[in-house]
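Working notes, beginning with the structure itself.
The values are calculated or read from the model by the stated rules, or taken from the named source; none is laboratory data. These numbers come from a predicted model, not from an experiment. FYI the Cβ positions are ideal-geometry reconstructions off the backbone, even for glycines, and counts take in every protein chain you see. Only protein heavy atoms, including side chains, enter the accessible area calculation; ligands, DNA and RNA are left aside. Shrake-Rupley method; radii C 1.70, N 1.55, O 1.52, S 1.80 Å.
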Amino acid sequence: MTVPTDTHDARRYSLGEIESARSRHMWTRSTVHATADRIAVGEWDGTVTTLDPNSLEPRWSVDHPDHAVGIETLEPTGTVVVAGRGETGSIVAYDAETGEKRWQYDTVEDVGRAIDDTIFSQPYVVAIETDDGGDDVGCYAAARRYERDGETRQWHSTVFAFDSDGTVRWRYETDGSSISIDLDDTGERLAVGYNRCPGGHDHGLVVLETATGDPEWAWDPGTPGDRRVGDVSFDGDSIAAASHGDKRGYLLGPGGTEQWRVDLAVETELDGETLYAYPNHVYASDGRVAFVTGNTYATESRETENRHPNEHRLMTFDAGGDRLWDAEIRGFAHGIDADDGTIVAPCAQNFRVRDPETHAVRWFDLGTGVGGIQRLEGIATAAAIDGRTIATIEEPVEYHDETCVRGDYALQLTPLTDLPEPTPTR
């Protein structure tokens, strides 16, 4: 159960106990969502708590049916929508003021039940988007389930459109591994990214009409194997895509027309090894596109002592595909968030280096690269920004070659004005 910290630390809020992370990255165990009116936190055990953003006093807590892994809000209806990973893969809408449950949908009915009891086999709502505009107020979600039989791997994925009362307006089902969704500014199109396509579904990106769920167009990086797209982001009529297939970044126009592509962490020879890193996240806005890369791997083996020169980097490009600036984030980012021209990256451990200096939340101005950093004792596994306030989830970590636990399980609320003056990253 969530409990407050000592009153002298007014900007931190204890989230109780959690098993310490180790050198390797753990599955997504926490989530946070920030608005001007509330901070909503999802914990590893399913507890969902909303807090006052000024005092960090809790308003209500509920027990979500699964691990809470994603939170969004529907402001016109005063609703907090929580996505889960677990036995039922539940999506639940709660009253934003009281925490009373308004509706629940169990995605297990669509993607199927887990064939074993591991967390990786359970239904997983990987992404959720809310639409506050127009007459069709509601939300969209992508859920998937993974199973493996020997060398055979299979995914079951469904994309949903929900009305504000929880009614399913349409479903879009495939045997690809959905990883991300993004809604355009008009609310008329939904982009869906698929990071693995080993079966009949053969597109890393599908754009759906939100009124019907019908595909409008599809695109794929056209690379060998089943690796495809890691993340997608609309910017007007364009869509930015982070490609797992060839480790490049793309900007696509209407119909999937390629406007440009850039090398991010493509295969690179170093000391007799071929190294690469996956571009895991992308955010596009106002003619700027930012990509974030992850861990180094070698083509011959996932183990390597070398580092790809572009691992754990944030790289930003203009509308023509020219690089504007780039910066190190130094550790693995489970996700990113952005608001009003500022992009935030919560940096967890670099499992190869295991340097506590990587434990931080970092932020950058999308246009200039000017940014700042707030270091943490533990690892930053989730972050959200609203205006000039960053909410960060810290989790404790105990590296396998150390005997100490670093950090606590806590929410930290950081007004940017309280931090040191930002410095240019490039």
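Points worth noting:
- Label sites at Asp214 and Asp322, each approximated as a point 7 angstrom past Cα along Cα to Cβ, lie 4.2 nm apart.
- Sorting the segments 213-224, 192-203 by their residues' average number of neighbouring beta-carbon atoms within 10 angstrom, most packed first, yields 192-203, 213-224.
- Shown for region 154-220 is the translational diffusion coefficient from the Stokes-Einstein equation, using the Kirkwood radius over Cα pairs, a temperature of 10 °C and a viscosity of 1.306 mPa s: 131 µm²/s.
- To put it simply, the accessible area of region 257-396 at a 1.4 Å probe is 40 percent carbon and sulfur.
- Heavy-atom accessible area for Asp401, with the other protein chains in place and a 1.4 Å probe, reaches approximately 90 Å².
- Over region 170-328, the ratio between the Cα radius of gyration and 2.2 N^0.38 Å evaluates to 1.04.
- In units of the rule-of-thumb radius 2.2 N^0.38 Å, region 226-272 shows an alpha carbon radius of gyration of 1.30.
- The chain: projected area of the alpha-carbon convex hull, averaged over directions, in nm²: 19.6
- Rg [Å, one decimal], Dmax [Å, integer] - region 80-127, C-alpha atoms: 11.8, 38
- For region 311-426, the Cα-based Rg and Dmax, in that order, read 14.3, 50 Å.
- With protein chains left intact and a 1.4 Å probe, residues in the chain average 40 Å² of accessible area per residue.
- The accessible-area ordering, largest first, of the residues Met315, Met26 stands as Met26, Met315, per a 1.4 angstrom probe.
- Packing-based ranking of 289-296, 53-60 yields 289-296, 53-60, ordered from highest to lowest mean Cβ neighbour count within 10 Å.
- Förster radius 22 Å - calculated FRET efficiency between Arg148 and Trp103 (Cβ-Cβ, nearest 0.05): 0.10
- When only alpha carbons are used to place a centre, region 167-188 and region 249-294 end up 22 Å from one another.
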